[in-house]
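First the structure, in the form of structure tokens, and then the observations on it.
Please treat every number below as a calculation from the coordinates, not as lab data. Source: prediction; values computed, not measured. Note that we place each Cβ from the backbone using ideal geometry, even for glycine, and neighbour counts take in every protein chain shown.
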Amino acid sequence: MADGAMKEALRITVVTSHLPHVATSGGRRRELELMERIADQHHVEMICVTKTFDEDRQLVRRLRSRCHGIRLVPTDIQAPEVPPIGGDARPWHVARHASASASAEIARGLRRHRPDVVHVEGYYLMQHLPGGWPGPILLGTQNVEHALLLQRAELTIDRMRRKMLLEQVLRTRTFEREAWRRAESVVAVSPEDRLRMLTDEANLDVHVVGNGADHEPTLPRGVGTEGAPVSTTGPPLIAYVANFDYWPSRDGAEWFLDEILPRLRSGTTDIDVAFVGNTSSRTLADRAAAAGVRVVGLVPNLDALYRSAHVVVCPIRVGGGVKVKVLEALRAGAAIVTTSVGAEGLASAQREVLNIADDAAEFADAVKALVSVPRQQRGSGGPLPTWGAAAQELERCYQMMIDRAGASRSSTSRS
């Protein structure tokens, strides 16, 4: 995979907030696919500052054969996903990932491993790097977090909650910008996120490393619900695939239930709607059941689901980057209705085969139009991005940082 400029294996320490395996979310899928390819060519040590320590400890053996070393360190507190009102003055993401033991373990690991590059996945983990670390630091960002919080605040009706969220926007923006400046290079998932960063910090070195679509959207044996909601008979299947434990996905589900589904059922009652993916929210499950929507959980083979669904919906209103689930559905030739947020980061050819609607009535009308005609296999809008190309771009980022660091040392020694 490495190009001609890559003459020897690099030593890379990756600091992440979860074990990428099992890939039950788009973020985990991204980290898994990229790190597998990078570890094929380079010496990768991974340190996971995890909020799900016990769960990850059971799964770590599945990934150990793919990396040269993996260490799990628990966060100090099990902070709620929804930011509390008042309390900690730090940004919510930073507080959730605080861990004195992680800071100590990362410092020990860097001294022991002596990496050529430190890759930190998430601005909130930069707090754990020792001050004055002399080597190149690459900061991976899957979202511009303060922009997501601002989107969230704009959707919030409760005045006190909105005020709290706007305070979080300011705190998060300050910490994010400090993290961006500390890193030698920053990686964004989409051109839109890169532009957001450069609008805030014009002198950043920001590279786009997108998501790929050439993975098999399956889970290992024993993970997921046996018996996916796949049927070629019966009412048309409308599927929303997401990690519903992630707030933007859950907000999309609630918007679908409250605003889109009633319009969809008006004159089109004979449909089968399924929410497919990770969820621990009893409230969402109960609301969905009351609306006649099945909450299926994890499905072992998503490709079969995409190919049998009449319509795949992505009613997400908060987000950034490139949605892995949209890429998966495009690859399967599914008919897709999404918001402009769900279409972000895609090439124009891919966007042309999507049905994009940000208004609930328009979204429902787009789904109705697709349900009213026989299911058809659709195109993907041309070649889809690959994980191999994304990993090569990430490698180039590593090498450019190392080359710059070497040139800087040479210049300093000459002076």
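Rounding to the nearest 20 debye, state how big the charge dipole of the chain is about its Cα centre with +1 on each Lys and Arg Cβ and -1 on each Asp and Glu Cβ.
Numbers: 51 positive and 50 negative charges, 171 e Å.
Charge dipole of the chain: 820 debye, to the nearest 20.
I want to make sure I understand the PRE zone here: with the label point 7 angstrom from the Cα of Thr218 toward its beta carbon, which residues in segment 281-313 have backbone N atoms less than 13 Å away? Label zone hits: 300-305. Counting neighbouring beta carbons within 10 Å and listing from fewest to most, the residues Val322, Val44, Val169 come out as Val169, Val44, Val322.
Given points 7 Å out from each Cα along the Cα-Cβ axis, report the Arg114 to Ala100 separation in nanometres with one decimal. About 3.1 nm separates the two model spin labels.
Think of segment 237-371 as having a plus end and a minus end, set by charges on the Cβ of Lys, Arg, Asp and Glu; of Ser281, Val367, Val322, Ser281 sits farthest toward the positive end of this dipole.
Rounded if a/c is under 1.5, else prolate if a/b beats b/c, else oblate: with a ≥ b ≥ c from the C-alpha gyration tensor eigenvalues square-rooted, which is segment 327-415?
On the way: a/c = 6.33, a/b = 3.04, b/c = 2.09.
Taking the square roots of the gyration eigenvalues as a ≥ b ≥ c, segment 327-415 is prolate.
Counting only DSSP beta bridges with both residues in the chain, the antiparallel share comes to about 0 percent. Using R0 = 35 Å, the C-beta based FRET efficiency linking Ser348 and Arg294 works out to 0.50.
Quick check on segment 248-297: take the gyration tensor over C-alpha atoms, sort the square-rooted eigenvalues as a ≥ b ≥ c, and tell me if it's rounded (a/c under 1.5), prolate or oblate.
Values: a/c = 2.09, a/b = 1.61, b/c = 1.30.
Cα axes put segment 248-297 in the prolate bin.
In a fully extended conformation the segment linking Ser372 and Asp76 would gain 101.3 nm over its present Cα-Cα distance, using 0.36 nm per residue.
Using the number of other C-beta atoms within 10 angstrom as an exposure proxy, rank Thr172, Thr218 with the fewest first. Walk me through the numbers on the way to the answer.
Values: Thr172 26, Thr218 15.
Lowest to highest Cβ neighbour count: Thr218, Thr172.
Please report how far the C-alpha centroid of segment 90-155 lies from that of segment 309-372, rounded to the nearest whole angstrom. With segment 90-155 and segment 309-372 each reduced to a Cα centre, they are spaced 32 Å.
What's the ranking of 27-39, 192-204, 274-286 by average number of surrounding C-beta atoms within 10 Å, highest first?
Details: 27-39: 22.4, 192-204: 15.2, 274-286: 17.3.
Descending mean neighbour count gives 27-39, 274-286, 192-204.
Taking each residue as 0.36 nm, the span from Glu55 to Thr283 lengthens on full extension beyond its C-alpha to C-alpha distance by 79.8 nm. Site pair Asp245 and Ala9 shows an inter-label distance of 3.3 nm when each label is modelled 7 Å from Cα along Cα→Cβ.
Along its principal axes, segment 237-371 has C-alpha extents of 39, 32, 27 angstrom, given from the largest down. Listing Thr141, Thr174 from fewest to most neighbouring C-beta atoms within 10 Å gives Thr174, Thr141.
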